[in-house]
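Structure record follows, encoded as structure tokens.
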Amino acid sequence: MNAAVALWRRLLASPLATALALVLLILLSASAAFYFLEFAGSSDKTYFDALWWAMVTLSTVGYGDIVPTTVAGRLVGMAIMATGVGVMAALTGNLASVLIERKNRKRQGLLPVKTSDHCLVLGVNAQAPELLRALAAAAPSHKRGPAVVLVAPLTPEDFAEMAADLDLGERLEFCRGNPAHEPTLGRASPATARSAYILSQDGLSPEDADQQTLLAALTFRGLAPKVRLCAEALLETSRKPLSRAGVDVTVVRGELAGRALGAMGEHPALWHFLERLLGGAGHRAMAARTFAAEEKELVWSQLVAKAMAADGEMPVAVFRLRRDIDIRELLDADSALDQFISELFAAYGQDGHIGSEGPSVVVNPGDGLDLGGYDGLIFLRAGGPERKPAAVAEGGGA
């Protein structure tokens with residue numbers, strides 16, 4: 001009884017549901033009345049024929065393939081015609097209102113984004129447009145749905161202006177709100193994302209901005225524990241807390257710029273080299289990929305020779321991805337003390353997880369490096385047009 005009352009209240013609360021319920025009620029009652037009044041004793045007519053007649057009459061289409069022949073049947077038809085105009089108009093109007101409301105909520109960033117294998121950008125600052133453009137360009141061209149989802153406390157007007165400047169169309173979606181709030185972040189499908197990036201919030205002190213970044217990282221890790229997470233920080237001291245919160249890579253704002261300026265102090269050509277390496281999305285001189293199974297059986301010198309002979313790739317570094325560390329990997333099976341420690345973990349139901357090892361990169365390793373312990377390769381792409389460097393001051397090298 002309570003369930004029926006709750007359902008009835010829900011129907012009354014939604015104008016669209018009320019109109020739809022009235023249409024169904026009219027159809028079913030009119031079909032039943034028409035069947036018994038017109039098709040009683042008929043062997044070639046079914047209840048579906050009566051339902052067809054009721055639907056055609058209610059929608060005012062009026063094909064005329066089935067017509068009432070009795071007075072009672074015609075009275076039923078007149079009743080449907082009288083009520084059908086108003087009910088169908090109400091149904092159509094409410095349906096249009098729902099669609100318009102949904103479009104408005106989407107424009108305001110209040111609807112859940114149903115997608116997967118996308119990139120999340122949490123927060124917005126002056127670097128956000130370039131990051132959004134780069135992530136969208138790097139996404140697979142065959143991907144359906146948005147490639148990038150921005151979660152930020154922007155107004156719909158500000159996001160519309162940014163989206164118009166970026167010209168990414170449906171490849172960019174928006175969820176409005178604080179990315180550190182779980183309900184807001186949950187609308188962006190974080191668990192199915194490919195990667196996520198947290199940007200420092202402008203207008204705050206460095207300490208407060210990094211605190212917001214930390215809260216966003218903790219919220220994200222609670223919803224997506226296995227998705228790669230990168231974050232921007234303003235203070236070097238925030239690197240360790242962010243790592244403990246599950247951030248895989250932390251970039252301190254200005255750090256790379258300072259290093260680039262330092263390289264220019266050695267020789268200006270180093271800046272132009274870095275500029276070509278970083279490039280833009282789809283135009284970077286460097287790239288990364290994971291090892292094929294057969295490549296992990298090689299040593300560095302063999303890989304270099306094979307890659308350059310095959311497609312002109314020039315390997316420059318190897319990397320190891322973030323991975324969980326199990327205490328059993330550190331224990332010696334032949335040591336009685338280590339065996340005792342392992343038995344204690346098992347006795348107390350512990351899984352042996354003692355932490356995580358962050359990602360690491362080895363640049364230009366030795367010729368005999370065994371690649372079995374690494375996950376992938378960083379290489380320089382072959383060819384490409386030479387970019388002429390900007391003019392430098394007289395007396396400087398280029």
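The values are calculated or read from the model by the stated rules, or taken from the named source; none is laboratory data. Since the model is a prediction, treat every value here as computed from it, not as a measurement. Reconstructed Cβ throughout: ideal geometry from the backbone, glycine too, with neighbour counts over all protein chains shown.
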Of SER243, SER195, the only residue that is assigned by TED's automatic domain parsing to the domain that holds ASN125 and within 18 Å of LEU135 (Cβ to Cβ) is SER195
Within the set of pairs 6+ apart or on separate chains, which have a first residue in the range 300-318 that is under 14 Å from LEU380 (Cβ atoms) and assigned by TED's automatic domain parsing to the domain that holds SER360, a second that is at pLDDT below 80 and of a type in the set (A, V, I, L, M), and C-beta atoms under 6 Å apart? GLY312/ALA382
Of residues in the range 153-184 being without any contact (Cβ under 8 Å) to a residue 60 or more places away in the chain and of a type in the set (D, E, K, R), the one nearest to LEU120 (Cα to Cα): ARG171
For SER141, work out the one condition from (1) at pLDDT 90 or above; (2) in a loop (DSSP other than H, G, I, E, B); (3) hydroxyl-bearing (Ser, Thr, Tyr) it doesn't fulfil. (1)
For the condition surrounded by 14 or more Cβ atoms within 10 Å (Cβ to Cβ), more than 26 Å from ALA193 (Cβ to Cβ) and modelled with pLDDT of 85 or more, what is the one hit in GLY73, GLY84? GLY73
Return the residues of the range 37-67 that are on the phi > 0 side of the Ramachandran plot and in contact (Cβ under 8 Å) with a residue 12 or more places away in the chain; say none if nothing qualifies. THR60
Under the condition of being in a strand (DSSP E or B) and among the hydroxyl-bearing types (Ser, Thr, Tyr), which residue from the range 178-214 is modelled with the lowest pLDDT? SER195
Only one of LEU24, LEU7, LEU51, LEU12 is at pLDDT 80 or above and exposed (fewer than 13 other Cβ atoms within 10 Å of the Cβ). Can you tell me which? LEU24
Reported set for the range 243-278 where residues are among the aliphatic types (A, V, I, L, M), within 30 Å of GLY222 (Cβ to Cβ) and without any contact (Cβ under 8 Å) to a residue 24 or more places away in the chain is VAL251, VAL252, LEU256
Here are ALA292, ALA281, ALA288, ALA305: which of them is modelled with pLDDT of 85 or more and either in a loop (DSSP other than H, G, I, E, B) or crowded, with 17+ Cβ neighbours inside 10 Å (or both)? ALA292
For the structure I just gave you, tell me whether ARG276 is under 30 Å from SER189 (Cβ atoms), out of contact with any Pro (no Cβ under 9 Å at 6 or more places or on another chain) and not in a loop (DSSP other than H, G, I, E, B). no
What pairs come out if I take residues in the range 10-23 that are closer than 13 Å to LEU95 by Cα and pair them with residues that are small (Gly, Ala, Ser) and modelled with pLDDT of 75 or more whose C-beta lies under 8 Å away, six or more apart or interchain? PRO15/ALA90; ALA19/ALA90
Hey, can you tell me all the residues within the range 378-398 that are in contact with a helix residue (DSSP H, G or I) (Cβ under 7 Å, 6 or more places away or on another chain) and modelled with pLDDT of 85 or more? PHE379
Going through (1) hydrophobic (A, V, I, L, M, F, W, C); (2) part of a helix (DSSP H, G or I); (3) under 20 Å from MET162 (Cβ atoms) one by one, CYS175 fails only at (2)
Candidate set from the range 40-93 (those that are within 46 Å of the chain's Cα centre (by Cα) and part of a loop (DSSP other than H, G, I, E, B)); member that is farthest from PRO15 (Cα to Cα): VAL61
Only one of ASP324, ASP338 is more than 18 Å from PHE379 (Cα to Cα), surrounded by 14 or more Cβ atoms within 10 Å (Cβ to Cβ) and modelled with pLDDT under 65, namely ASP338
Test result for ALA96, part of a helix (DSSP H, G or I) and touching a residue at least 24 places away in the same chain (Cβ under 8 Å): no
